[in-house]
Amino acid sequence: MERFPGGYAFAGGRVPAGGCCRGPQPSCGVLFPPPGWRLGRAAAFWAVLAFGGICLPTSPAQTVSFNYFAAPTLVANTGRSEELGEIILSADATCGTSADASCISSAGSIQVTYTNMVIDNTIASGIRVCEILAGVTICNAPGTYLDGTFSVFGSLQGGVVSFGIRAGANFAAGDQVIISGARARIDQTVLSASGNSTTALLTAAPLIAAAFSPTANLIARSADPLSIAVLANPLVPCVVSDPPAILEIRENYPTAFADYGDLGETTFPGVPANARPLFGATNSTRIHVALAGLPEGITVNWPASVPAVAGGAVLDLVSQTTNGSDAIYAFGTPDQAASDVLAEIFELRLTSANFVFSGHESILGQAAVRAQMHPPVTPETARPRYNHPLEPDAGLPLFQLRRCNTTTGTIQLFAVVDSIVWFGNLNFRLIGPTPFTGTQVPLVLEGMLAGDYTIEFDGGGPSGATFTGYVQPQTQTLGVGQIKNYTFKFVGPTVANLQLSATPAAVCPAADTAVGTFRLANPTGDLQIIPGGTRFTFTFNRPVVGPFTSTGLGGIVPTLTAVSMTFQIPGSISLPPGGALTFAGSRLNLAGMAHGQEVSVQLTTDPLSAIA
């Protein structure tokens, strides 16, 4: 085989003498026999060389091979301008050392495309492109590899960070190029829902300027930045020994909360150590706490400063409404970098010292709490970090409401009729140190000044019943911290104010047909009592075949006649407002009825006065 001076002939060039060429590679070309050689066995020999390759020493590569690593960040799914993860390009092991010239760069550019993202900042406002060659770091400026040209723009594929590279940079294995600090408009992407992710793609122009493995990597995942929980759900604490109401505010991932030197901070005023770069309208994390169901007569004074369960961060109270139904806290930390490795937890504890009471009406019900990262500033074009809603939607029960009486007492008012506790409209006057006029029972009056109180009945009460006096003495002495009961006493018979209604069914007439449902309901705001022993008769305009099934009567089965059903209740029945007795499944003989005719039912009672 003929050897040419300096190498062997091949398609696309020569293999240098002593060079290496493995298989059909772009840098190798294809070997062919020198001019004048005859084909034959030699042709087979050259085919072997072409497909099997020959091994000869190589010349220095003009492409730097990078291993692509990414450090994906967690970003707020409600974020408006969130920082994406860091991209690390590390020269491959084949680049050897800085002395062997195995990886020499070609001039060109590298583009990082953040898939479907809109980049919100620039090289001047937080994006960093750094080279680390031979242990020397240069960022956002001309270096050994970076030529000093940088651009940020949008494309159909997403936001792009592009930077120019020089020819002739000698890379050693492990030398790096790092791209970080790019911020994206999360609210315009799939990351606006928790649990989604996005990638960053690498390309080079021209293609031989750099090679990447892999070419795409995960760059960010989305998550809710904040969650709350209630660790205790007691009554409103009245004295020091009562358990506190505890609201837990949790940072759902370590970098969710940020301190940029909020003016509302009191514990750590000013910018913390290792602060994050400011961008646009990005501001310190503030947290809004909102109470629902807080009535007049109770004020919540939120804790002024709440330290984190672990770490040095705090929440400082910036402001609250007069009654404490809304409060704003500012996140503060002495060292942002130290905070960014912790998912911080804050416990807002409400003890008896956090409540103030006024008035004396009863306080009943439940206070629920929600929270959010502080709403965005205006205008929206400022693109602050968060656009977080109050959550959870329904709120969490934080404490049961009551009035704390530490220097006064409580008066409770009730009514009974034939030993049955009754509630509804009843007029009365309470004469004493804290006079009161009421219109309904039961009622709890808290915060009543100590002293003698006399009760006076002015009218109302159970329909048909007769007022006969008081269970307890009409005049009683209320002491500090005491509870006194006043109970109005009535005797029957009562008259139940009820409404008869029906839900008719469209049926096909037959000798045994189930008809619609009818019911006796309490449409008033009072408890209605049907006297024990009352006899009910339901009369139909068609013959009765089978009885109904009742709800609220304890399985009473009526007696049937030709066109009626009758039953008697052994004891009194109480129906609260909206309560009802339901009768369903009555079967009648509808044979011979024409289309469009109606079936009706009529109620009578014995005594007639039992139901109005």
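What pairs can you find where one residue is in the range 415-426 and acidic (Asp, Glu), the other is surrounded by fewer than 19 Cβ atoms within 10 Å (Cβ to Cβ), and their Cβ atoms are less than 8 Å apart, with a gap of 6+ or different chains?
Asp418/Val491; Asp418/Gly492
Of the residues Leu263, Leu278, Leu231, only one is open to solvent by 30 Å² or more (accessible area, probe 1.4 Å), more than 23 Å from Glu82 (Cβ to Cβ) and assigned to a loop (DSSP other than H, G, I, E, B); which?
Values: Leu278 fails: more than 23 Å from Glu82 (Cβ to Cβ); Leu231 fails: assigned to a loop (DSSP other than H, G, I, E, B).
Answer to the selection: Leu263.
Name every residue in the range 151-206 that is of a type in the set (Phe, Trp, Tyr) and either assigned to a helix (DSSP H, G or I) or open to solvent by less than 50 Å² (accessible area, probe 1.4 Å) (or both), in order of residue number.
Keep residues of the range 151-206 that are of a type in the set (Phe, Trp, Tyr), which gives 153, 163, 171.
Across the range 151-206, the qualifying residues are Phe163, Phe171.
When the range 82-112 is examined, which residues are found to be part of a strand (DSSP E or B), open to solvent by less than 20 Å² (accessible area, probe 1.4 Å) and closer than 30 Å to Ala193 by Cα?
Within the range 82-112, Glu82, Ile87, Leu89, Val112 meet the criteria.
Only one residue in Leu581, Leu553 is within 30 Å of Phe423 (Cα to Cα), of a type in the set (A, V, I, L, M, F, W, C), open to solvent by less than 70 Å² (accessible area, probe 1.4 Å) and assigned to a loop (DSSP other than H, G, I, E, B), so which one is that?
Values: Leu581 fails: assigned to a loop (DSSP other than H, G, I, E, B).
The unique qualifying residue is Leu553.
Pull out all pairs, ordered by first then second residue, where Cβ-Cβ is under 8 Å, the residues are six or more apart or on different chains, the first lies in the range 241-258 and is open to solvent by 50 Å² or more (accessible area, probe 1.4 Å), and the second is of a type in the set (Phe, Trp, Tyr).
Arg250/Phe346
Would you confirm whether or not the range 319-330 contains a residue that is open to solvent by less than 10 Å² (accessible area, probe 1.4 Å), within 14 Å of Glu265 (Cβ to Cβ), of a type in the set (Gly, Ala, Ser) and not in a strand (DSSP E or B)? Walk me through it before giving the result.
First pass over the range 319-330, keeping only residues open to solvent by less than 10 Å² (accessible area, probe 1.4 Å): 324, 327, 329-330.
Checking which are within 14 Å of Glu265 (Cβ to Cβ) leaves us with 329-330.
Within this subset, residues satisfying the condition of being of a type in the set (Gly, Ala, Ser) are 330.
Retained after the next criterion (residues that are not in a strand (DSSP E or B)): none.
There is no residue in the range 319-330 that is open to solvent by less than 10 Å² (accessible area, probe 1.4 Å), within 14 Å of Glu265 (Cβ to Cβ), of a type in the set (Gly, Ala, Ser) and not in a strand (DSSP E or B).
Within the range 474-490, is there a residue that is within 19 Å of Ser574 (Cβ to Cβ) and in a loop (DSSP other than H, G, I, E, B)?
No: zero hits.
Given the structure, is Ala308 open to solvent by 40 Å² or more (accessible area, probe 1.4 Å), modelled with pLDDT of 95 or more and under 21 Å from Tyr260 (Cα atoms)?
Values: open to solvent by 40 Å² or more (accessible area, probe 1.4 Å): no; modelled with pLDDT of 95 or more: yes; under 21 Å from Tyr260 (Cα atoms): yes.
Answer is no for this residue.
Would you say Asp316 is modelled with pLDDT of 95 or more and either surrounded by 17 or more Cβ atoms within 10 Å (Cβ to Cβ) or not in a strand (DSSP E or B) (or both)?
Working: modelled with pLDDT of 95 or more: yes; either surrounded by 17 or more Cβ atoms within 10 Å (Cβ to Cβ) or not in a strand (DSSP E or B) (or both): yes.
The answer is yes for Asp316.
Could you figure out which of (1) open to solvent by less than 70 Å² (accessible area, probe 1.4 Å); (2) part of a strand (DSSP E or B) isn't true of Gly464?
(2)
Report, by residue number, each residue of the range 390-402 that is of a type outside the set (A, V, I, L, M), crowded, with 17+ Cβ neighbours inside 10 Å and closer than 21 Å to Asp242 by Cβ.
Those that are of a type outside the set (A, V, I, L, M), crowded, with 17+ Cβ neighbours inside 10 Å and closer than 21 Å to Asp242 by Cβ: Phe399, Arg402.
Rundown of residues vs (1) among the small types (Gly, Ala, Ser); (2) open to solvent by 20 Å² or more (accessible area, probe 1.4 Å), yes/no style:
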site: Leu445; (1), (2): no, no
site: Asp458; (1), (2): no, yes
site: Val491; (1), (2): no, yes
site: Ala506; (1), (2): yes, yes
site: Phe518; (1), (2): no, no
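Restricting attention to the range 113-150, which residues are of a type in the set (Gly, Ala, Ser) and in a strand (DSSP E or B)? It would help to see each step written out before you state the result.
Initially, the range 113-150 is screened for residues of a type in the set (Gly, Ala, Ser), giving 124-126, 134-135, 141, 143, 148.
Across the range 113-150, the qualifying residue is only Gly148.
Listed here are the residues, each with its yes/no results for (1) at pLDDT 95 or above; (2) assigned to a loop (DSSP other than H, G, I, E, B); (3) crowded, with 16+ Cβ neighbours inside 10 Å; (4) not hydroxyl-bearing (Ser, Thr, Tyr).
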residue	(1), (2), (3), (4)
Glu347	yes, no, yes, yes
Gly359	no, yes, no, yes
Ala367	no, no, yes, yes
Thr378	no, yes, no, no
His388	no, yes, yes, yes
Cys404	no, yes, yes, yes
Ile411	no, no, yes, yes
Val421	no, no, no, yes
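The values are calculated or read from the model by the stated rules, or taken from the named source; none is laboratory data. Everything quoted here is computed from the prediction, not taken from an experiment. No Cβ is skipped: glycine too gets one built from the backbone with ideal geometry, and neighbour counts run over all protein chains shown. Areas reflect the complete protein model, heavy atoms only, side chains present, ligands, DNA and RNA absent. Shrake-Rupley method; radii C 1.70, N 1.55, O 1.52, S 1.80 Å.
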